[in-house]
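Read the structure below first, then the notes.
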Amino acid sequence: MKTKPLLAIVLIALCLISCNIFSQLPCNVLVGYWQSSWGTTVRLKDINSNYNVINLAFLEADTDGSSDNNVVSALDFTPTSKTNLLADIPVLQAQGKKVLMSIGGASGSFKLSSASDVTTFVSKVETMIQTYGLDGIDIDLERPTYLTQTTGTISNPESHITNVISALQQLLTWYKSTYDKKMILTLVPEVAYTVGGLSSYMSSTYGVAYLPIIETLKSDIDLVMVQLYNCSGGSYGLDGKVYTEATADFIVSQTEAMIKGFTCVNSKGTYSGIDASKVAVCLPASSAAASSGFTSTANVKSALAYLRGTGSKPGSYTLKTTGGYPGLAGMATWSVNTDLDASYSYAINYASIFTSCLTTETEKIENNISVTISPNPAHGQITLNSSVAKGDVITIYNIAGIQVLQQKIVDQKTLIDVSFLPEGLYLLQTSGAIQKFVLE
């Protein structure tokens with residue numbers, strides 16, 4: 001570290017600036033769905049270190065193995081070892097990683113048909129969050145039985161969709177009042193309920209069910225990860241052509257449609273899109289993870305390079321936005337367990353793609369002196385000196401761009417305990433400054 005300090009400083013600074021450092025999520029995400037009670041067994045604390053957002057799968061409503069008769073009152077989460085899970089979650093959180101509860105799944109989804117269902121859902125989710133000390137929730141509602149809108153549109157959805165929106169709003173409010181921070185909210189919809197709005201068949205059969213949720217809660221949603229698999233008929237891109245799964249074109253076309261937005265057919269309305277920093281590419285970790293849609297490492301890499309503006313066009317689809325989307329959030333996969341069986345090839349591929357979050361704004365780090373840190377290098381504690389940061393919440397990030405500490409500044413001089421952190425280079429961010437320090 002001491003031989004090339006400037007290089008290390010630049011890399012970490014660039015990563016933090018190029019992503020939204022006010023977000024609770026890491027700089028670039030690798031989301032892994034962890035199968036809690038089936039599949040290859042792996043403890044949460046032992047999964048590949050590249051995974052920085054872990055979604056527990058699932059809080060589900062299935063009690064008898066029949067996927068189309070679920071009711072919200074049956075929602076339950078039954079991990080193989082609750083004791084291990086309760087021990088492991090704080091370990092990951094201490095590393096700056098986020099642990100969420102994924103709700104629903106292919107066989108565990110349900111419908112919120114009434115105000116009473118909303119109340120039951122909110123109560124059960126609150127209990128799960130409190131029991132396991134979670135950072136938020138992931139919504140994985142599936143199956144036409146529970147989602148399809150026959151007459152609903154994006155601007156005027158049917159009641160079971162507005163009930164989902166209402167329930168999520170209540171949970172966001174409750175979490176903020178309970179923990180004094182925002183609840184992380186992610187969505188993992190299937191293609192049919194999102195980009196399927198470009199298809200006459202999909203828009204009428206599935207009713208663009210997720211798009212009203214995204215439109216209404218856009219400012220509260222941290223991540224949207226469309227499942228780019230199990231879509232054997234292919235799906236339209238913004239150019240009006242159909243692209244088939246397991247190809248770079250499918251990844252690029254479907255991802256851009258979610259970012260830019262589109263007008264649905266069958267008078268379902270207009271989806272206005274969502275910022276690329278809230279979009280991750282979600283794929284199966286191996287051919288064993290999904291019935292179809294597994295995409296080769298090379299195709300994933302070429303698609304992500306083109307999407308992020310760092311590579312050439314890998315197929316026939318041409319991005320509507322020249323230069324792509326450098327701020328793309330990252331990747332996600334079903335599942336951690338199947339990735340383990342594949343020697344973590346998905347996680348390793350992610351690491352080779354998102355090696356850093358390069359930008360050209362390093363001078364913003366070096367020139368801002370409204371906050372000073374002493375001593376630097378530090379040994380266990382630092383003192384933050386700033387008259388302008390009083391009342392702010394400071395955030396410290398490690399070399400990987402992962403948040404490792406937050407603390408409110410209550411005076412001009414604030415003592416911060418960093419003794420629990422490993423040696424290395426860190427960035428401290430307030431609303432008005434970013435400063436580097438070394439911990440030895």
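Backbone phi angles across region 166-175, fed through the Karplus curve with coefficients 6.51, -1.76 and 1.60 (θ = phi - 60°), yield HN-Hα couplings of 4, 4, 5, 5, 5, 5, 4, 5, 4, 5 Hz in residue order; Gly and Pro are listed as x.
Peptides 262-272, 134-144, 344-354, 417-427 ranked from most to least packed, by the mean per-residue count of other Cβ atoms within 10 Å: 134-144, 344-354, 262-272, 417-427. Rounded to the nearest whole Hz, the Karplus-based 3J(HN,Hα) values (6.51 cos²θ - 1.76 cosθ + 1.60, θ = phi - 60°) of region 78-94 follow the sequence 10, x, 4, 9, 5, 4, 4, 5, 5, 7, 7, 4, x, 4, 5, 5, 5, with x at glycine and proline. Taking amide H as placed 1.01 Å from N in the peptide plane, the amide H of Ser109 sits under 5 Å from that of Ala61, Glu142, each at least 5 places away or on another chain. Computed extension gain for Thr41 through Val91, at 0.36 nm per residue and net of the alpha carbon distance, reaches 16.2 nm. Taking Cα atoms only, the orientation of helix 297-307 departs from the longest principal axis of the chain by about 80 degrees.
Ordered by the count of other Cβ atoms within 10 Å of each Cβ, fewest first, Phe437, Phe121 give Phe437, Phe121.
Amide hydrogen proximity for Val226: with H placed 1.01 Å from N in the peptide plane, the residues at 5 or more positions away or on another chain lying under 5 Å are Ala280, Cys282. What separates the Cα centres of region 87-101 and region 225-250 is a distance of 33 Å. When Kirkwood radius over Cα pairs in Å is computed from the coordinates, the matching label among (i) 24.1; (ii) 22.6; (iii) 21.6 is (ii). Just to be sure I understand: with springs between alpha-carbon atoms less than 10 Å apart, which residue in Glu126, Glu60, Glu256 has the highest mean-square fluctuation in the Gaussian network model of the chain? The residue with the greatest mean-square fluctuation here is Glu126. Simple spin-label estimate for Ala115 and Thr372 gives 6.0 nm between the two label positions (7 Å along the Cα-to-Cβ direction from each Cα). Distant-in-sequence amide contacts of Met183, defined by a placed amide H-H separation under 5 Å and a gap of 5 or more residues or a different chain, comprise Lys176. In terms of the Cα gyration tensor, with a ≥ b ≥ c the square roots of its eigenvalues, is region 68-185 rounded because a/c is under 1.5, prolate because a/b exceeds b/c, or oblate? It is prolate, given that a/c is not under 1.5 and a/b is the larger ratio. Report, ordered by chain and residue number, the aspartates and glutamates lying within cross-link reach of Lys390, taken as a straight Cα distance under 14 Å and ignoring same-chain residues fewer than 8 apart. Cα-Cα hits under 14 Å: Asp411.
Determine the sum of side-chain charges near Asn299: Lys and Arg each +1, Asp and Glu each -1, restricted to other residues whose C-beta is under 12 angstrom from that of Asn299. My count for the surroundings of Asn299 gives -1.
DSSP finds beta bridges in the chain, and of those with both partners inside it, around 45 percent are antiparallel. Of all the options Asp222, Asp46, Asp275, the one that moves most in a Gaussian network model of the chain with Cα springs shorter than 10 angstrom is Asp46.
Of Glu440, Glu245, the sequence from fewest to most neighbouring Cβ atoms within 10 angstrom is Glu440, Glu245. Only helices enter the 222 nm calculation for the chain: every DSSP H run of n ≥ 4 contributes -39,500 (n - 2.57), and dividing by all residues gives -8500 deg cm²/dmol, rounded to 500. Here the residues His379, His160, ranked from fewest to most Cβ neighbours within 10 Å of their Cβ, fall in the order His379, His160. Using the Karplus relation 6.51 cos²θ - 1.76 cosθ + 1.60 with θ = phi - 60°, the per-residue 3J(HN,Hα) values for region 123-137 come to 4, 5, 5, 4, 4, 5, 4, 5, 4, 9, x, 7, 8, x, 9 Hz, with x marking Gly and Pro. With a threshold of 22 Å on the Cα-Cα distance, the over-threshold entries among Lys82/Lys111; Lys97/Lys181; Lys218/Lys260; Lys182/Lys408; Lys45/Lys97 are Lys82/Lys111.
Readers should treat all values here as calculations from the given coordinates under stated rules, not as data from a laboratory. Computed from a predicted structure; not experimentally measured. A quick note on method: Cβ atoms are made from the backbone with ideal geometry, for glycine too, and the neighbour counts reach across all protein chains shown.
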